[in-house]
Each structure stands twice: as C-alpha cells, then as structure tokens.
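The values are calculated or read from the model by the stated rules, or taken from the named source; none is laboratory data. What you are looking at is a predicted structure, and each value in this text was computed from that prediction instead of being measured. Backbone-built Cβ (ideal geometry, glycine too); neighbour counts: all protein chains shown. Just the protein is used for accessible areas: all its heavy atoms, side chains included, with ligands, DNA and RNA removed. Shrake-Rupley method; radii C 1.70, N 1.55, O 1.52, S 1.80 Å.
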Amino acid sequence: MPREGGRWPLSVVLRPDPGTALARSLDVLTQEAAALAGPDHWQTGQLGSAHLTVRALEPRREHIPTNDPTAARYRSALTRATSRHGGGDTRPSGEPAGWPATFRVTGLTLTPGTVMACAEPLDPAADTFSDRLTTELGADAWYETARRDIWYLNLLHFTGDIARPGELIDWVASRRATPYGTVAISNPELVRAELTTGHRPHMRLVECVSG
C-alpha cells in the first residue's frame, strides 16, 4: 500500500497517448499478466496509466496542499525544461535535441515486484530532457541525483502472493524478446499517484497542476 515517505511520490513522467497502438497493446498485456498473477495486483500498464518515469522528485507525501510551494517550483522547472527542450537546438554531436522522445518496446521482463515492458530510446530526446530538467530543478533535484540508465513501463505491480507463479514466469519468458511497437511522446507531466480500487486496481496518475 502507498504510505507517507514511501514509493509513488510526485514524479515527472512520459505517458503514451491512450489512443496509440502501443498503449492498447500494453493494456492487453497487462490484462493477460493480471489473469495469471491474480485480481488484486495493481494494473499499472492499463490505458492512461502506463508511463515511463523521467525522475521521482521526493519521498511520497499523502497530502499535497493546494498552492504547495515545492510543487510550484517543480512545475516551474518542468515548464522551463520542456520549453528549452523544444527550441530546435542540437547536441554537440549534431543530433536533434527537441521533441518528440521516441521509444521502442522490445519485450517483457520480470522483477521481484513487477512485470515490466523494456523500452529502448530511438533518439537522444528523453536523456537530453532529463538532463535539462535536472539543471532547471537545481537544489530540488536532490532526491535522484543521476539520470536513469534504463527505460521501462511497468505493467503489473505485485501486492501479495501470485496466483499462478509458474505460468506467469513462462508467459513473461516467452515474450522477453517480442517487439511491441514504438511510441513518440512530447508532453512530460508532473503527476501524483492515487490508489484506485475496483475491477482493475492501480495507482492512478493525476497531473499536478495546482499543488
């Protein structure tokens, strides 16, 4: 469960548009994984929830007040970094540094806590943006000091025992090198996460626009 000071903090993420073919494929894969793992695990890869995390910004806060000054600084840094990133400049190598950030999903893997889809950047845009965000955050970049060196989209977060562990292991293994398509994303978001229960439980991402 989410808790104060734990996981699922304010973060900057890249979310595939729910209307894209890749987002729909991830949603189907999430449902298949959940059918093997059991009904209570969080279906993070469903439409509108699947995301690539650029960086987490702080330990989780259960309650973020309206006009929270720290969240306001995060939003300001994100706006500046996003604007600079779209300015049409280039890296020293001559490669384009602007939007969109394009990823290829290359297969699935299993960790002790999740089923995830592995993503491979097809251009330098995401890494360049991450570096710019770090610069614009300044002292507020303390929580994660290094750029993430892998990209992925979690499909399922485990919340307890796995119903059919052997079948889930085999299911993931058979898809470890299966390509699932590409996606281009141009709109990084500052989000908070709220637990949503029901038929497809998950941590719902809510864009943080007012603290």
Quiz prompt | Test for residue 114: is it among the hydroxyl-bearing types (Ser, Thr, Tyr) and either under 16 Å from the mean Cα position of the chain (by Cα) or open to solvent by less than 40 Å² (accessible area, probe 1.4 Å) (or both) | solution = yes
Exercise. Considering every residue within region 143-162, establish whether at least one is of a type in the set (Gly, Ala, Ser) and in a helix (DSSP H, G or I).
Key: no
Quiz prompt | Top-ranked residue of region 40-79 - restricted to ones that are in a helix (DSSP H, G or I) and small (Gly, Ala, Ser), ranked as nearest to residue 2 (Cα to Cα) | solution = 71
Practice problem: Could you please give the count of residues in region 127-171 that are of a type in the set (Gly, Ala, Ser) and modelled with pLDDT under 95? | Solution: 1
Exercise. Answer yes or no: is there a residue in region 88-95 that is over 15 Å from the mean Cα position of the chain (by Cα), at pLDDT 95 or above and not basic (Lys, Arg).
Key: no
Practice problem: Output the residues belonging to region 1-39 that are among the charged types (D, E, K, R) and either part of a helix (DSSP H, G or I) or touching a Lys or Arg at 6+ places or on another chain (Cβ under 9 Å) (or both). | Solution: 3, 4, 7, 24, 27, 32
Quiz item: Out of the residues in region 163-197 that are among the small types (Gly, Ala, Ser) and in a loop (DSSP other than H, G, I, E, B), which is nearest to the chain's Cα centre (by Cα)?
Solution: 186
Quiz item: With 189, 207, 167, 144 as the choices, which residue is open to solvent by 60 Å² or more (accessible area, probe 1.4 Å) and either touching a residue at least 24 places away in the same chain (Cβ under 8 Å) or farther than 24 Å from residue 30 by Cα (or both)?
Solution: 167
Quiz item: Which residues, counting only those in region 97-111, are open to solvent by 10 Å² or more (accessible area, probe 1.4 Å), more than 24 Å from residue 145 (Cα to Cα) and hydrophobic (A, V, I, L, M, F, W, C)?
Solution: 110
